[in-house]
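Following: one structure in structure tokens, then a few remarks.
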Amino acid sequence: MSIMKTLMGASLLAITAVGASAEDVAITGGTAFTQGGKGKVENATVLIHDGKVQSVTAGGDVPAGYRTVDASGKWVTTGFMASGTNLGLVEVGLSGGINDARASDAKNGIGLEVSYAFNPATTFIPNTRIEGVTRALTGFSSTKDMWRGQSAVIALAGDNMIVKEHAVLSLDMDEGSASKNGNSRAALWDTVITKLEEARPNGDDKDDKKDDDKKDKKPKYDSAKSALDRLFAGEMPLLVEVERKADILNVIKLKERFGIDVVLTSAAEAWMVADELAAAGIPVVLNPTRNLAEDFDSLGTTGAAAARLHAAGVKVAFLPPDTNNTRLVVQNAGNAVAMGMPWEAAVDALTVNPAEIFGIADSYGTLEAGKDADVVVWDGDPLELMSSPDAVFIRGEEVPLVSRQTKLRDRYIDLPRSPAYVK
């Protein structure tokens, strides 16, 4: 067998090893949080059966046949979620490969789907999941126009990692998008509104089209129309990237005009209109570590944004600093707490809130019976910088806490003393 075939076989084994056959597990003795950052249960027994959470009880018994994981003195939470990445679409920089997140020449930005480009073997995924992040929203970073296709929710292990293929339809409405699409926000908004008006269901049953020739013709598939149909049917929200207050107010009007679900992302100045966003029921996905203006669109940037939005009643979820460092979304949550957000709300922004925002709350987000067993055992407060996972379960399967980075660490941690290394 060739070396290449051996390596390919090992890679496939690594991909499929997680999720091959779920075992029965009891996580005992820890402090569990069953409802995001709430629902605290001391001396908890978390039972996992058939890949699902079976129960969470205080001091509960362990049934026969369950493998026990001792979490005494530790914290147990739902696995965390990063609410905006390119995971599975990009690889390590300078690799020479295609960056599938940049569909810059795509003729149809609206209809793009993650599943056709997603690579479950990317090295970024193990780097991320060993830090307690078990879910992510992944999608395209740029296209030929303002539409950025349909993002997907992924689990970071298992045989079928795409758990929701059409999670959001993404739309870029910031200054950069305006400069590429008409070179004016007026032109950008006109293009978007016209497209949505054309796609808006008009209520006609079209029974008047009785031309036999037309009936016999097979309808032409239109991926953009399919995406917009999902949007207007309420099957997925419109995720709008926008920064300044004036543009955010326009997004609120857009939601009112078309009656569609809308989510803001990036949203530097969203806190300035927090009350309006709360009244409109528009969630905000942001990076809470942003604290400096980057351009005239983001003059109102502040690290207190997450706390202010939460205080106003806006549902908040968190972005990581970038895809390479998706795992740092946990540290971002800790920074949000340092800037005034309640601890419970920051954990909600990593669990319950993204589950609800992206339509997977029926299977993920809390440690409730019947939910997927995405469970993390932490050696301390998960939002503290020096805490780390001792065990990670994704859909009931324990994930080895191993990545390319840990292997490199272990390989070079004890270097022989020689002139080549001493210097």
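The values are calculated or read from the model by the stated rules, or taken from the named source; none is laboratory data. Computed from a prediction, not measured in an experiment: that's the story for all the values here. Cβ sites come from the backbone with ideal geometry, for glycine too, and all protein chains shown count toward neighbours.
Before moving on, here are some points about what is shown:
- When region 281-314 is filtered for residues that are over 20 Å from the mean Cα position of the chain (by Cα) and among the basic types (Lys, Arg), only Arg308 remains.
- Given (1) at pLDDT 95 or above; (2) assigned to a loop (DSSP other than H, G, I, E, B); (3) surrounded by fewer than 20 Cβ atoms within 10 Å (Cβ to Cβ); (4) not hydroxyl-bearing (Ser, Thr, Tyr), number of the condition Gly365 does not satisfy: (3)
- Beta carbons closer than 6 Å, at least 6 apart along the sequence or on distinct chains, pair a first residue in region 172-193 that is at pLDDT 90 or above with a second that is surrounded by fewer than 16 Cβ atoms within 10 Å (Cβ to Cβ) and not hydrophobic (A, V, I, L, M, F, W, C) for Leu188/Gly182.
- The single condition among (1) more than 19 Å from Val262 (Cα to Cα); (2) touching a Phe, Trp or Tyr at 6+ places or on another chain (Cβ under 7 Å) that Pro120 does not satisfy is (2).
- Subset of region 43-73 (residues that are outside any loop (DSSP other than H, G, I, E, B) and either modelled with pLDDT under 95 or closer than 15 Å to Trp378 by Cβ (or both)): Ala44, Val46, Val69, Asp70
- Looking only at region 90-114, residues that are within 26 Å of Asp374 (Cα to Cα) and at pLDDT below 95 come to 2 in all.
- Whichever residue in region 221-235 is closer than 13 Å to Gly111 by Cβ and not in a helix (DSSP H, G or I) and, among such residues, is nearest to the chain's Cα centre (by Cα): Asp222
- When Glu294 is tested against the conditions (1) modelled with pLDDT under 95; (2) touching a helix residue (DSSP H, G or I) at 6+ places or on another chain (Cβ under 9 Å), the lone failure is (2).
- Where a residue in region 103-121 is under 19 Å from His166 (Cβ atoms) and its partner, wherever it lies, is in a helix (DSSP H, G or I) and polar (S, T, N, Q), with Cβ under 8 Å and at least six apart: Asn108/Ser223; Ile110/Ser223; Gly111/Ser223; Gly111/Ser226; Leu112/Ser223; Glu113/Ser223
- Only a single criterion out of (1) modelled with pLDDT of 95 or more; (2) assigned to a loop (DSSP other than H, G, I, E, B) is not satisfied by Asp414, namely (1).
- Residues of region 320-333 that are buried (at least 24 other Cβ atoms within 10 Å of the Cβ) and in a helix (DSSP H, G or I): Thr326, Val329, Val330, Asn332, Ala333.
- Answer from Ala307, Ala279, Ala293, Ala336 - the residue that is surrounded by fewer than 19 Cβ atoms within 10 Å (Cβ to Cβ), in a helix (DSSP H, G or I) and not acidic (Asp, Glu): Ala279
- Residue under evaluation Gln35, criteria (1) crowded, with 20+ Cβ neighbours inside 10 Å; (2) under 30 Å from Asn287 (Cα atoms); (3) modelled with pLDDT of 95 or more, criterion not met: (1)
- Just one of the listed residues (Ala317, Ala355) is under 12 Å from the mean Cα position of the chain (by Cα), within 27 Å of Pro237 (Cβ to Cβ), in contact (Cβ under 8 Å) with a residue 60 or more places away in the chain and not in a helix (DSSP H, G or I), and it is Ala317.
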